[in-house]
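Structure, as structure tokens:
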Amino acid sequence: MSELDLMEFIAKLGKAIIASDAITGSVLREAGKIVQREAKAELGHYQDAAGSFVAWAELADSTKAQRVSLGYTENDPGVRSGDMRDSIEVTVNHDLLTGEAQIGSDKDEMVWFEIGTSKQPPRSALGGALYRKTPEVVELIGSSAFGALMGRGVYNGAIPIISESD
């Protein structure tokens with residue numbers, strides 16, 4: 001194995017930082033998509049309690065009647081036209097030191113559904129999805145970090161192993 005001078009070593013570290021930044025962005029995006037898929041799948045189906053998020057209350061009879069009168073199914077909480085479900089998006093923000101994936105909606109109805117109103121109990125789709133999917137997200141982040149350390153995504157797929165005889 002050839003030795004590196006200081007400038008070559010610094011160049012290699014710079015490439016590693018750039019690769020790390022790319023890996024961070026893709027891992028955050030995939031983690032966000034895991035939660036997004038779960039939240040979208042929850043809408044239309046009553047959910048059990050998840051951590052501090054309470055189980056979804058049954059729709060009121062008046063709400064069921066209103067849904068039917070408008071041409072929707074009677075008892076699919078959170079789904080009428082599908083606009084609210086379809087509005088759930090993932091946004092990733094990161095730099096070399098920090099990062100986050102935001103999963104949410106720009107629809108007021110999603111906020112009201114999530115935290116409740118004076119007339120509607122909370123039915124947390126986003127918070128419940130995050131709670132349920134946290135183990136999967138942690139596994140993704142851990143395996144991605146371990147893979148990066150072990151050479152996955154590194155040029156030629158490997159990190160040189162130095163034995164005592166080298």
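Listing for the model above:
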{"quantity": "Checking Asn156 against (1) in a helix (DSSP H, G or I); (2) at pLDDT 95 or above; (3) out of contact with any Gly (no Cβ under 8 Å at 6 or more places or on another chain), the condition it does not meet", "calculated": "(2)"}
{"quantity": "Test result for Gly71, surrounded by 11 or more Cβ atoms within 10 Å (Cβ to Cβ) and out of contact with any Cys (no Cβ under 8 Å at 6 or more places or on another chain)", "calculated": "no"}
{"quantity": "Segment 25-66: number of residues that are surrounded by 13 or more Cβ atoms within 10 Å (Cβ to Cβ), within 19 Å of Pro122 (Cα to Cα), in contact (Cβ under 8 Å) with a residue 40 or more places away in the chain and not aliphatic (A, V, I, L, M)", "calculated": "8"}
{"quantity": "Residue, surrounded by the most Cβ atoms within 10 Å (Cβ to Cβ), within segment 108-143, restricted to residues that are polar (S, T, N, Q) and in a helix (DSSP H, G or I)", "calculated": "Thr134"}
{"quantity": "Subset of segment 80-107 (residues that are surrounded by 14 or more Cβ atoms within 10 Å (Cβ to Cβ) and touching a helix residue (DSSP H, G or I) at 6+ places or on another chain (Cβ under 6 Å))", "calculated": "Met84, Arg85, Ile88, Val90, Val92, His94, Gly99, Ala101, Ile103, Lys107"}
{"quantity": "Residues being at positive phi and within 31 Å of the chain's Cα centre (by Cα) - total across segment 48-79", "calculated": "2"}
{"quantity": "Residues that are part of a loop (DSSP other than H, G, I, E, B), of a type outside the set (A, V, I, L, M) and at pLDDT below 95, drawn from segment 87-105", "calculated": "Asp95, Thr98"}
{"quantity": "Counted residues, segment 63-79 - those being in a helix (DSSP H, G or I) and either β-branched (Val, Ile, Thr) or touching a helix residue (DSSP H, G or I) at 6+ places or on another chain (Cβ under 6 Å) (or both)", "calculated": "2"}
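The values are calculated or read from the model by the stated rules, or taken from the named source; none is laboratory data. Fair warning: this is a prediction, and the values are worked out from it, not measured in the lab. Every residue, glycine as well, gets a Cβ built from its backbone with ideal geometry; the counts of neighbours run over all protein chains shown.
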